[in-house]
Every structure is written in C-alpha cells, then in structure tokens.
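For reference, the structure discussed in these notes is given below.
The values are calculated or read from the model by the stated rules, or taken from the named source; none is laboratory data. Just so you know, these numbers come straight off a predicted model, no measurement behind them. Reconstructed Cβ throughout: ideal geometry from the backbone, glycine too, with neighbour counts over all protein chains shown. Heads up: the accessible areas ignore ligands, DNA and RNA and are worked out on the full protein's heavy atoms, side chains in. Shrake-Rupley method; radii C 1.70, N 1.55, O 1.52, S 1.80 Å.
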Amino acid sequence: MHNDDNKDRVKANRVKGSDTDLTLLWQNQPVNDIDLSEVKKSFNSERIKQRIYMVIDSLALLPSLYFLSIYWGELSFTAKGLCIFMVATAIPFLIYQLWLRRVAAFAKDSQTLDHLHQYTRQIKNNIRIAFITKHSAWPALFVLPAFALERYFFGELSPERWEKIAFSFPIATLILVVWGIWAHKRQQRFEKQLKALEEMAEQRTV
C-alpha cells in the first residue's frame, strides 16, 4: 500500500516540469526503475531552449550596432573609444556564450544514456552562463556614468541632459540589480539540476 502511494505521488508531481521530474527520478525511485525517457524528454526540451537562446543572444547585439552606425559621426573621440571597448568586450563574450550552448543546441539523436551525459554537460555550461551573466551586471553600472563624465569633460552637458541622466541611472541600476538576482537564482536552479543528474549517473553505475 505504501509503495502504491509513493508511485501516485511521483506521477502527480511529474506534471510540474522537467526540473521536478529529475529530482523525483533519483530521490523517489529504485535504481532499476529510473525512467531515462524522462531524461531524454528533458534534454530534447533543453535543446530547443538553447537554440532559441542562441538566436536571442546573437540578435541582442544588433540594436547597439545599429545605434552606433547612425550616431557614430556625432560621437566624440572619447565616446567612440568607449563604444569600441564595449563592442570589443561584448563580441568575445557572445562567442563564448554560444560555444557553451552548443552541447544541447547541436546535439544529435542518440541512445538514451547518451542523453543523460549530454544533458549533464549542458547543465554545467548553463551554470557557467548564469555565473557570467550575474557578474556582467555590475560592470554595466559604470557605463552610463562614464558617458556622463565624458560629456562633462569633453563636451557640453546641458541641464536637460543632466536631468535625463539623473532619471535614467536609478532605473538602469534597478534593472541591473534585478538582472543579477535573476541570474543568481538561475545558477542555483541549475546547480540543483546538476546534482540530480549526477546522482542519477552514479545510480546507473551501481
């Protein structure tokens, strides 16, 4: 009777998502009963997500490049230097992030046990992406003050512009703080997923 109740609880919780599924698979089931089809399903979902993220990451740089192409002639020498530095920093970061997403994004159909290995590798990369994203938030806080100082020392900074900066900086700060917290939460969630997947892999070798 107790076993039936346990199975019912597992089935009921599976509808809550792949993260909960993975935890339940290794915590609530005997070694021989681990359903690797759930791992395959979760990995296929991860593959779609990573492909979408790769497109979003690639397109995110285009608005900045478009802005620079329009206003490049109006920027001072110092402002151009700041923009070049930002783009030169963003492009390697983008390439590295795309490389981390490749494990799931370009994975081919394979045996079920291979899905467990590939999924574990991608979750490890997701932790790295979340960590980098979290720590990319605070340097961005210096961008707006840097441009304001550049205008102050090398160009005109009208009262209207000061008002815009004074209004924009707290909003940008709040957005970046929320961004950092969100990335930190994602890192913690991926770490829990990784623990579940590694426990499953250990059980398969017992």
Summarise the accessible area of the stretch 58-206 (1.4 Å probe, protein heavy atoms) by the percent that is carbon and sulfur. 69 percent
Computed magnitude of the charge dipole of the stretch 117-206 (debye, nearest 20; Cβ of K, R +1, Cβ of D, E -1): 440 debye
Expressed in square angstrom to the nearest 10, the accessible area of V55 with a 1.4 Å probe stands at 80 Å²
Too long for a 23 Å Cα-Cα cut-off, among K108/K134; K108/K185; K164/K185; K40/K134; K40/K185; K134/K195, are K108/K134; K108/K185; K164/K185; K40/K134; K40/K185
Which loop-located trypsin sites (Lys or Arg not before Pro) does the stretch 75-175 contain, where loop means any DSSP state but H, G, I, E or B and the Cβ has at most 10 other Cβ atoms within 10 Å? K108
The stretch 167-206 - charge dipole about Cα centre, Lys and Arg +1 at Cβ, Asp and Glu -1, debye rounded to 20: 140 debye
